[in-house]
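The values are calculated or read from the model by the stated rules, or taken from the named source; none is laboratory data. Note that this is a predicted model, so its numbers are computed, not measured. Please note: Cβ atoms are built from the backbone with ideal geometry, for glycine as well, and neighbour counts cover all protein chains shown.
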Amino acid sequence: MAGWKEIPRSKIEDLITLVSDIIAGDEQNHTEWALSEPSRADLQNLRNHLQSLLDDRQAKYAAWRDSVAAAKDGIKEAIPTVRTAIDKCRAHFGRTSARLLDYNVAPYHPRTAAEIPAAPEAITAEPAGVGKIEVDWSNVTGAKFYELWRADQDSQKPDEQLQWRLIRTFTKTIFTDSGLTSGRRYFYKVRAANAAGTGEFSAVADCVAP
């Protein structure tokens, strides 16, 4: 049996959605679920475990992405020094060293900010059924995928700072968030990304889960 780490992220996300829907259905006293208290607790623990696993993967991905960006910056800074050293060697050895004369470093063209996707616009969050909110936004030219982030506000602590969490990455521009707590307000923001980097966040949209 394959370990959790070998299961594709999309499969884990689908499992989280399925378990959340089952819990939400049971909380509405749907007769087709008829879950016992131990079964409900097991499902909630499973959902929490899957979410923790997904969060861990997202954190590792973010760390990897940051390390790649740092490496690119280091290379970009080193290239002018390398080119200067090669030019000095050529000037010193002249044509006595064919190897140096034949060696060429291609001009470096760093990616510009224009290649990084712009912030998505027209983000909205609307009720989509009990415990569900539909979030959509405009398509961004040049985007390869989108990161959707969510935060929720505790009605008992309305002034508490929002804690944002990446809930999913995908290529579409619409998502139905399920398994939410009815009556709680949820906040959403999204940003686009491609090979050049990750763009700025969109405006924030919010909605109270029905």
Report task. Check whether at least one residue in the stretch 145-156 is in contact with an Asp or Glu (Cβ under 7 Å, 6 or more places away or on another chain), at pLDDT 90 or above and of a type outside the set (D, E, K, R), and report yes or no. Result -> no
Query raised in the report: Is one or more of the residues making up the stretch 171-190 among the small types (Gly, Ala, Ser) and within 24 Å of Asp66 (Cβ to Cβ)?
Result: no
Requested in this report: Among residues belonging to the stretch 166-202 that are under 20 Å from Phe145 (Cα atoms) and loosely packed, with under 14 Cβ neighbours inside 10 Å, point out the one that is nearest to the chain's Cα centre (by Cα).
Outcome: Phe170
